[in-house]
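The next block holds one structure in the form of structure tokens; read it before the comments.
The values are calculated or read from the model by the stated rules, or taken from the named source; none is laboratory data. Please read these numbers as outputs of a predicted model, since none were measured by experiment. Virtual Cβ from ideal backbone geometry, glycine too; neighbours counted across all protein chains shown. Protein only, heavy atoms only, side chains kept; ligands, DNA and RNA dropped before computing areas. Shrake-Rupley method; radii C 1.70, N 1.55, O 1.52, S 1.80 Å.
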2 protein chains.
Amino acid sequence: MESFLIQYGIFVAIALGILAVAVAVILALKVRAADTGTDLMREIAAAIEEGAKAYLSRQIKTISAIAVVLFVLILISKGIAVGWDSGGATAFGFVIGASCSLLAGFIGMRVAVLANVRTTQAATIGAQPALRMAFNGGAVTGLLVVGLALTAVGGFYLCADAFFAQADHKKALDALVGLALGASLISVFARLGGGIYTKAADVGADLVGKIEQNLDEDDPRNPATIADNVGDNVGDCAGMAADVFETFAVSLIGSVLVAALSYADQPQYLIFPFLLCGLAVIASVIGIIFINVGTLAPSKALLVGVALSAIIAGLLFLPLSMVMFPTEWVSIYVPTLVGLAMTFITVMITNYYTATEFAPVRKIAKASETGHATNIIAGLAVGLHATLLPVFFIGLSILISYYCHELYGVAIAVVSMLSLSGIIISLDAFGPITDNAGGLAVMSKLPKEIRKITDELDAIGNTMKAVTKGYAIASAGLAALVLFRSYVGELQAHRLILHPDAVPTTFGLDEPIILIGLFIGGVLPFLFVAYTMDAVGKAAGAVVREVRRQLLAKPGILLGTDKPEYGTCVDIVTKAALQEMIFPALLPVLAVLLVAGFLGAKALGAVLVGTIVTGLFVGISLTSSGGAWDNAKKFIEEGNYGGKGSVAHAAAVTGDTVGDPYKDTSGPAINPMIKVVNIVAILIIPLFF
Amino acid sequence: MESFLIQYGIFVAIALGILAVAVAVILALKVRAADTGTDLMREIAAAIEEGAKAYLSRQIKTISAIAVVLFVLILISKGIAVGWDSGGATAFGFVIGASCSLLAGFIGMRVAVLANVRTTQAATIGAQPALRMAFNGGAVTGLLVVGLALTAVGGFYLCADAFFAQADHKKALDALVGLALGASLISVFARLGGGIYTKAADVGADLVGKIEQNLDEDDPRNPATIADNVGDNVGDCAGMAADVFETFAVSLIGSVLVAALSYADQPQYLIFPFLLCGLAVIASVIGIIFINVGTLAPSKALLVGVALSAIIAGLLFLPLSMVMFPTEWVSIYVPTLVGLAMTFITVMITNYYTATEFAPVRKIAKASETGHATNIIAGLAVGLHATLLPVFFIGLSILISYYCHELYGVAIAVVSMLSLSGIIISLDAFGPITDNAGGLAVMSKLPKEIRKITDELDAIGNTMKAVTKGYAIASAGLAALVLFRSYVGELQAHRLILHPDAVPTTFGLDEPIILIGLFIGGVLPFLFVAYTMDAVGKAAGAVVREVRRQLLAKPGILLGTDKPEYGTCVDIVTKAALQEMIFPALLPVLAVLLVAGFLGAKALGAVLVGTIVTGLFVGISLTSSGGAWDNAKKFIEEGNYGGKGSVAHAAAVTGDTVGDPYKDTSGPAINPMIKVVNIVAILIIPLFF
């Protein structure tokens, strides 16, 4: 059994990846077969779909242009520095990673626009069917993305390994790093482009619609309404799918690098992470089935489903560990449990800070009674508080898993944590689908009860969205050591080629250049957030001007006698988002190149760590604050503290608007941004040092 | 000359410290001799003075109780671990540091309440006399604090050195660390207590007064008005003075430790920093005289005065370096210039981000047109942007000064940067004095033109306050390496006593325990801000309830027929501030003890660095955002974007209120908090490791 798995383990993993795709296709067909409601619903859904497709195809074009430039740069620089075979393979890996990341985003969007109108229709029957429809839409994305990642990484590794043969194993690994870079860089673009789009449309629509004209959310008289709904699909669905693809692929590749650096002659170390991910597919599918057949209340059903998946995964990992590592299975199995526990713990922590039933959100809601400023202060404080527990558990996880099996233990904990991405993304995609479903209900003039059902699901969706972002960023914290050590290992391997007696580079905190590197790395997330928030502000400003122009040119729009031109808003926000995403997305790449060129390898190593240290806290606090603000508003809208129209509600709307770029643009983009910094650093070693 | 300075250098420095005190006394007499205006002005000023004295005496009592406990703990633990002579001296140093820090705060408050009413009166003559009166009030504090610090550190060092004689020089240094701890810990309390007081009163007064009842700032019908004005004195003046005393004393002590660790047998290294501070007193005095006789516009006069002081200090440092280090003076002189340049650069950077004439504040003002949320987003983004340039220059300064003279070069750059504190604090105290003066003008029913003059000066004061906070926190960033290396040096010295062949502890970024330490250290500033913002929220809530109660019980207050009870508001906010300050102030101490106990010396070292890395950015972004919001409001009140009463103004008030705890409570307290973490770590080495 052991030798079979060592021989064919990656094939087995790829087969399980294909299983994930197959289940996703079945679910997708089930979603597609569902009722799409009235003609008006179909018409509006078609408009959203059209806008989302139009945006995504232009985003793909823009990103592809940048990717082509990078492809050539990688090919030439690596080709000259290392050799044309390696340069070609790395550049090819980059293309695979980039394409899959784009594909993941495209799938996420396609499924979401299928599911939204069907969820609205399902809500006419009840909360349970609506929950299932939205969740299944999310599950399709989740399973497809995981299946895609497992198949792509496994398949590409097998090809590269066969191409370079055993002697040049290092070049095969380099090619994998190329794949990781493609995945990460594209997912920063997708996260940012989609994030800027969705929040510019949302904030722009709110500023003129809700605040100036006193329109409700999703009022069809608001010319930015369709753009707002398109945003949910291209930002929260497409951007998120690309992000999770990246996180999953990079953590898997990271574990492969660690295994190759530390246990070059023991292939089971390299194959184990693939099988872990494969088995987790089975666990995720069972969890998804449970949520589909269960009868629990929505907010519980989702958490219980995740818990069930985690338990099943834990049970499946035991025999795998015992078979592949007969003598030392305990030290391998414990880290897998640590990873699963971290999944559940991060979900529970973020749930506490962002769900309407707990103290933090209620505190923000209460603070809204005394106005805008106290709402903001309370929300900011909640986000800051939310950083403590994740840090504690990340530290504990690193300690335990390192104690078990050193760096490989940590790498396994990361892979195990991310192996459940399939079901976790289902939770994330669930939110924007219900949000869209609610919008469709209002625009299609369905009875108010429908909107009430989708609103309740939306509040759960807000929490789940925050939860999965906390999960992604926490996994980056857990992976910090793996990423940094991969850099150190690659650096040393490279130096040994140049000077056979090169001593390992040290990274002592007492060296000034290390401190400077930590400072530079530390400032990157702050700057990144500053630029991305500005980008949302600028793009939202463009939307505001267009909406004001339309309302002025055609006064009939507000009276309902004239139809607004949704298309121009979609067009403007598309252009603005694509334009504004480029600089912040390239900022981490630029920073790495500058540090490498001017300060050298030591400082660059410290930059990697500095970025993770501040990025972890900034990411957690932004996504938690944002989720909590949104749900504090929802809590007030349920009739607390005066309900809709009260002073508290006006303050809560302000908090929600501030939280929008926090939770949907800047915060979630920090995770792929950290990865880009780390992977670019690994990739440029032969060029600079 | 060289041997004279080596023999009597510290005496010379103490003499120059006494000179600072003498000039301060002359200025104070000049301030006191000025006209105090009408009877009504005197009456209100007396009420503010009474409230400030009452708060400060209760704060001193509370802090003294905590200090006594710590004194006993230090005495016993250090006595048992190292010896009773060392324990006694360290505990005695703690008392000296704590007392001087309290005294500095007390002086800051006394001078401010002298100067505020006289500034109001001076404003009836014109802007120039008002500027000078407020500035001189600040200058008294600045010179007294610097003189006190120089005399206390120098005098205590001479005494301890004489007591322990040359053989046990290390114990004399330990006693100095005790002094540093006393200064730092008390200044965290003073910063927090005063910061919570001032912002709870300010926010509380605004929430009911401005927002619910539509009263103007400082309307005497608002029962919290006096408390608000008391807050300026106990927070911005007393808290700031304690903070600067701490920063100055700790950087001087840090350089002494570095000199003792690296150049034990060359006393000129140890004496040089004292003389640097002494000569800077002369430069500061000349700058202060210039501002008093100059005729430049207020905003320019202050910056030119600082530049003049820096240039004179640079000229004075040259002969000193040449005399004391005849062969290597260049490598000593350049770091002093780096420090002076850093002073000027940090001042200019923060000035750019927070002054009304530059783009960032105008951007926030413009964003206010579209409402509360966009104002907040723009303000948050400005604070985040403001982190980039300081990091760049801090990194550059460390590189240059380390290249010149290794760690000692960095220590000298820090001392040189802080040597101009005398004139820099004058700028800081200037703000709250003019703020109070404006309040007095309104409450004393003086003509509106007076308030216009004080408002203009107040806008400059806001920028200057942000500037000095940026300066303090940037100095902490520059000092990071010195503080960390002091810890490492002390740790190794201690280990060598226990095991004569102990190898130095390493702090490599590739060790998991180091990464965990960085994470734990990194989360501390975030948590600290979370708790302090909550504290302001809670205390402000108590004020709001009291004001509402009074307005309900006596409806005549709003009609002007009944007098509000100012005293009860002062009393409530006093109690609330003292109660709320304790936990956040002890949080860093607690964290250090927990890490030392559970994770050990390596992790603790990483905690120190992690705290500085995130603390630097959090501190800069909070103080910059806060200052920028405040001035964006002032800019709108000058008549831009609709002026007072417009939608933009309402949004700007929200931003200002959010910025209040940012810039006056949480942000500035991060600097002493970082120091506490570092000094406690150094002090507990013999107890834990």
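Mind counting the residues in the range B:483-496 that are under 30 Å from B:MET348 (Cα atoms) and open to solvent by 10 Å² or more (accessible area, probe 1.4 Å)? Write out each step before concluding.
Kept after step one, since they are under 30 Å from B:MET348 (Cα atoms), are these residues of the range B:483-496: B:483-485.
Filter again for open to solvent by 10 Å² or more (accessible area, probe 1.4 Å), leaving B:483, B:485.
Number satisfying all stated conditions: 2.
Evaluate the following for B:GLY194: is it within 15 Å of the chain's Cα centre (by Cα) and touching a residue at least 12 places away in the same chain (Cβ under 8 Å)?
Working: within 15 Å of the chain's Cα centre (by Cα): yes; touching a residue at least 12 places away in the same chain (Cβ under 8 Å): yes.
So B:GLY194 fits the description; yes.
A:ILE513 - would you say it is surrounded by fewer than 18 Cβ atoms within 10 Å (Cβ to Cβ) and modelled with pLDDT of 90 or more? Can you show your working first?
Details: surrounded by fewer than 18 Cβ atoms within 10 Å (Cβ to Cβ): no; modelled with pLDDT of 90 or more: yes.
When the stated conditions are applied, A:ILE513 does not pass them.
Just to be sure, is B:VAL467 more than 14 Å from chain A (Cβ to nearest Cβ) and either open to solvent by less than 10 Å² (accessible area, probe 1.4 Å) or more than 20 Å from B:ILE674 (Cα to Cα) (or both)?
On the way: more than 14 Å from chain A (Cβ to nearest Cβ): yes; either open to solvent by less than 10 Å² (accessible area, probe 1.4 Å) or more than 20 Å from B:ILE674 (Cα to Cα) (or both): yes.
So B:VAL467 passes the test.
Which one of A:ALA378, A:ALA310, A:ALA301, A:ALA386 is surrounded by fewer than 23 Cβ atoms within 10 Å (Cβ to Cβ) and under 27 Å from the mean Cα position of the chain (by Cα)? Walk me through how you get there before you give the answer.
Values: A:ALA378 fails: surrounded by fewer than 23 Cβ atoms within 10 Å (Cβ to Cβ); A:ALA310 fails: surrounded by fewer than 23 Cβ atoms within 10 Å (Cβ to Cβ); A:ALA386 fails: surrounded by fewer than 23 Cβ atoms within 10 Å (Cβ to Cβ).
Result of the check over A:ALA378, A:ALA310, A:ALA301, A:ALA386: A:ALA301.
Please state which of the following conditions A:GLY37 fails to meet, knowing it meets all the rest: (1) at pLDDT below 90; (2) part of a helix (DSSP H, G or I).
Checking A:GLY37 against (1) at pLDDT below 90; (2) part of a helix (DSSP H, G or I), the one that fails is (2).
Within the range A:602-619, is even one residue within 9 Å of another protein chain (Cβ to nearest Cβ), more than 15 Å from A:VAL523 (Cβ to Cβ), in contact with a helix residue (DSSP H, G or I) (Cβ under 7 Å, 6 or more places away or on another chain) and in contact (Cβ under 8 Å) with a residue 24 or more places away in the chain?
Within the range A:602-619, one or more residues are within 9 Å of another protein chain (Cβ to nearest Cβ), more than 15 Å from A:VAL523 (Cβ to Cβ), in contact with a helix residue (DSSP H, G or I) (Cβ under 7 Å, 6 or more places away or on another chain) and in contact (Cβ under 8 Å) with a residue 24 or more places away in the chain.
Of (1) among the polar types (S, T, N, Q); (2) more than 14 Å from every other protein chain (Cβ to nearest Cβ); (3) crowded, with 24+ Cβ neighbours inside 10 Å, A:THR532 satisfies all except one. Which?
(2)
Just the residues that are open to solvent by less than 10 Å² (accessible area, probe 1.4 Å) and either within 17 Å of A:THR657 (Cβ to Cβ) or not in a helix (DSSP H, G or I) (or both), please, taken from the range B:349-375.
B:ALA355, B:ILE364, B:SER368, B:GLY371, B:ALA373, B:ASN375
Before we move on, is B:THR561 outside any helix (DSSP H, G or I), away from chain A (no Cβ under 14 Å) and more than 20 Å from A:THR387 (Cα to Cα)? Give the steps one after another, and end with the answer.
On the way: outside any helix (DSSP H, G or I): yes; away from chain A (no Cβ under 14 Å): yes; more than 20 Å from A:THR387 (Cα to Cα): yes.
So B:THR561 fits the description; yes.
Listed residues A:LEU144, A:LEU173; which is aliphatic (A, V, I, L, M) and at pLDDT below 90?
Values: A:LEU144 fails: at pLDDT below 90.
Going through A:LEU144, A:LEU173 in turn, just one is aliphatic (A, V, I, L, M) and at pLDDT below 90: A:LEU173.
I'm trying to understand the selection: among the residues of the range B:618-653, which are among the β-branched types (Val, Ile, Thr) and either under 21 Å from A:TYR531 (Cβ atoms) or open to solvent by 10 Å² or more (accessible area, probe 1.4 Å) (or both)?
Our first condition is that a residue be among the β-branched types (Val, Ile, Thr); within the range B:618-653, this holds for B:618, B:620, B:623, B:636, B:647, B:653.
The answer is B:VAL618, B:ILE620, B:THR623, B:VAL647, B:VAL653.
Filter the range B:339-366 for residues that are within 13 Å of chain A (Cβ to nearest Cβ) and in contact (Cβ under 8 Å) with a residue 24 or more places away in the chain; which is nearest to the chain's Cα centre (by Cα)? Working first, answer last.
Within the range B:339-366, the first condition is being within 13 Å of chain A (Cβ to nearest Cβ), and the residues that meet it are B:353, B:359-360, B:363-364, B:366.
Checking the rest, the ones that are also in contact (Cβ under 8 Å) with a residue 24 or more places away in the chain come to B:353, B:360, B:364, B:366.
Details: B:TYR353: 19, B:PRO360: 24, B:ILE364: 26, B:LYS366: 31 Å.
Within the range B:339-366, the match that is nearest to the chain's Cα centre (by Cα) is B:TYR353.
Looking only at the range A:535-550, which residues are farther than 30 Å from A:THR561 by Cβ and open to solvent by 10 Å² or more (accessible area, probe 1.4 Å)?
A:GLY537, A:LYS538
Going by the conditions given, is B:LEU552 of a type outside the set (S, T, N, Q) and either away from chain A (no Cβ under 14 Å) or in contact with a Ser or Thr (Cβ under 9 Å, 6 or more places away or on another chain) (or both)?
Values: of a type outside the set (S, T, N, Q): yes; either away from chain A (no Cβ under 14 Å) or in contact with a Ser or Thr (Cβ under 9 Å, 6 or more places away or on another chain) (or both): yes.
Against the criterion (of a type outside the set (S, T, N, Q) and either away from chain A (no Cβ under 14 Å) or in contact with a Ser or Thr (Cβ under 9 Å, 6 or more places away or on another chain) (or both)), B:LEU552 qualifies.
Inside the range A:34-66, can you point out the residues that are surrounded by fewer than 22 Cβ atoms within 10 Å (Cβ to Cβ), more than 23 Å from A:ARG451 (Cα to Cα) and hydrophobic (A, V, I, L, M, F, W, C)?
Across the range A:34-66, the qualifying residues are A:ALA54, A:ILE60, A:ALA65, A:ILE66.
I'd like to check something: does the range A:497-516 contain any residue that is over 25 Å from A:THR350 (Cβ atoms) and polar (S, T, N, Q)? Quick ask: steps written out before the conclusion?
Filtering the range A:497-516 down to residues over 25 Å from A:THR350 (Cβ atoms) leaves A:497-516.
Add one more test, that the residue is polar (S, T, N, Q), and what stays is A:505-506.
Yes, the range A:497-516 has at least one match.
Residues checked against (1) assigned to a helix (DSSP H, G or I); (2) in contact with a strand residue (DSSP E or B) (Cβ under 8 Å, 6 or more places away or on another chain); (3) small (Gly, Ala, Ser); (4) open to solvent by 10 Å² or more (accessible area, probe 1.4 Å):
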{"residue": "A:LEU279", "(1), (2), (3), (4)": "yes, no, no, yes"}
{"residue": "A:VAL285", "(1), (2), (3), (4)": "yes, no, no, yes"}
{"residue": "A:THR295", "(1), (2), (3), (4)": "no, no, no, yes"}
{"residue": "A:PHE317", "(1), (2), (3), (4)": "yes, no, no, no"}
